[in-house]
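Following: one structure in structure tokens, then a few remarks.
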Amino acid sequence: RGRGILTASGLTRGTDMEALTIDREAVADKGVTILHVHGPLNPTTVPRFMEVLQEIFDANAFKLVLDLVDVDYISSAGISALISALTTAQENHGDVILIHSKPKVLEMMGLIDTFHFAADPAAATALF
């Protein structure tokens, strides 16, 4: 992962267990940005998540892979952020591919048909 790492941390809601970190990786030859997200996507952490997404969109990058394997909790605010990212990407001829270890959770929320999924970053990148 050593290329272009950005870490956003320190957003907590009481304990370090609830901190959000985001590692950014660029796959330049594909024009894809991979975000490895660690921690919860909840009302406390979503604003920072959205800031990172906005930085990427401001750089005219709209092909995103969101690696959510290490996301231990997604609130309705987190779901809204994911849908917002997808909408922005698609409006700009891009897409968002999710990597998630518990797709059943997203299926229960009715999102399984909304997003594209992949098993790992390499498989996700190949979809672009």
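The values are calculated or read from the model by the stated rules, or taken from the named source; none is laboratory data. Remember, it's a predicted structure, so these values are computed and weren't measured experimentally. Don't worry about glycine lacking a Cβ; one is built from the backbone with ideal geometry, like all the others, and counts go over all protein chains shown. Ligands, DNA and RNA are stripped out before the accessible areas are found, and what is left, the full protein with its side chains, is counted by its heavy atoms. Shrake-Rupley method; radii C 1.70, N 1.55, O 1.52, S 1.80 Å.
Filtered by the rule that a residue be open to solvent by less than 30 Å² (accessible area, probe 1.4 Å) and among the hydroxyl-bearing types (Ser, Thr, Tyr), the stretch 55-80 gives a lone residue, SER75. Within the stretch 57-70, residues that are within 13 Å of ILE34 (Cα to Cα) have Cβ atoms under 8 Å from residues that are hydroxyl-bearing (Ser, Thr, Tyr) and open to solvent by less than 20 Å² (accessible area, probe 1.4 Å) in these pairs: ALA61/THR33; LYS63/THR33; LEU64/THR33; VAL65/THR33; VAL65/THR125, counting only partners at least 6 apart in sequence or on another chain. Looking across the stretch 46-75, the residues that are more than 19 Å from MET109 (Cβ to Cβ) and of a type in the set (Gly, Ala, Ser) come down to ALA59, ALA61.
A residue that is among the hydrophobic types (A, V, I, L, M, F, W, C) and either in contact (Cβ under 8 Å) with a residue 60 or more places away in the chain or open to solvent by 30 Å² or more (accessible area, probe 1.4 Å) (or both) can be found somewhere in the stretch 81-93. Screening ARG13 against (1) basic (Lys, Arg); (2) modelled with pLDDT of 90 or more; (3) over 20 Å from ASP120 (Cα atoms) leaves a single unmet condition, (2). Just the residues that are open to solvent by 50 Å² or more (accessible area, probe 1.4 Å) and more than 11 Å from the chain's Cα centre (by Cα), please, taken from the stretch 19-43. Correct list: ALA26, ALA28, ASP29, LYS30, PRO43. Restricting attention to the stretch 94-128, the residues that are open to solvent by 60 Å² or more (accessible area, probe 1.4 Å), part of a helix (DSSP H, G or I) and not basic (Lys, Arg) total 4. The set of residues in the stretch 72-93 being part of a loop (DSSP other than H, G, I, E, B) and at pLDDT 90 or above consists of ASN92, HIS93.
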